[in-house]
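Working notes for the structure below.
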Amino acid sequence: RKPNSLRANRRDAGLTQLQLAEAVGVSRQTIANIERGDYSPSVHLALDICHRLGRTVEEVFGENTAD
């Protein structure tokens, strides 16, 4: 599993998994899998998620990030 800070950033933005999923056009389970590190999003999905959170890809998915 590759750590990321999606969960923390999503919570900071005040969004549920479902709200973020609907905003970027994926299932809630996809967001849950990304947060656990069980799924690596495409570049387009990662960029869309980060845009919705107001964060950079490096802040959310960078090498030195973790929940």
Which one is nearest to residue 61 (Cα to Cα) among residues in segment 1-30 that are in a loop (DSSP other than H, G, I, E, B) and open to solvent by 90 Å² or more (accessible area, probe 1.4 Å)?
2
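Mind checking which residues of segment 31-46 are part of a helix (DSSP H, G or I) and surrounded by 18 or more Cβ atoms within 10 Å (Cβ to Cβ)? Give the derivation first.
Going through segment 31-46, the residues part of a helix (DSSP H, G or I) turn out to be 31-36, 43-46.
Result: 31, 34, 35, 46.
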So residue 64, is it modelled with pLDDT under 95, in a loop (DSSP other than H, G, I, E, B) and open to solvent by less than 70 Å² (accessible area, probe 1.4 Å):
no
Taking only segment 14-67 into account, find how many residues are more than 16 Å from residue 3 (Cβ to Cβ) and polar (S, T, N, Q).
8
List pairs: first residue in segment 3-31 and free of Cβ contacts under 8 Å to residues at least 60 places away in the same chain and over 16 Å from residue 51 (Cβ atoms), second residue part of a helix (DSSP H, G or I) and of a type in the set (Val, Ile, Thr) anywhere in the structure, Cβ distance under 6 angstrom, at least six positions apart or on different chains.
17/31
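The values are calculated or read from the model by the stated rules, or taken from the named source; none is laboratory data. This one's a predicted model, so the numbers in the text were calculated from it and none came from an experiment. Neighbour counts are summed over all protein chains in view; Cβ atoms, including those assigned to glycine, are modelled from backbone coordinates with ideal geometry. Areas reflect the complete protein model, heavy atoms only, side chains present, ligands, DNA and RNA absent. Shrake-Rupley method; radii C 1.70, N 1.55, O 1.52, S 1.80 Å.
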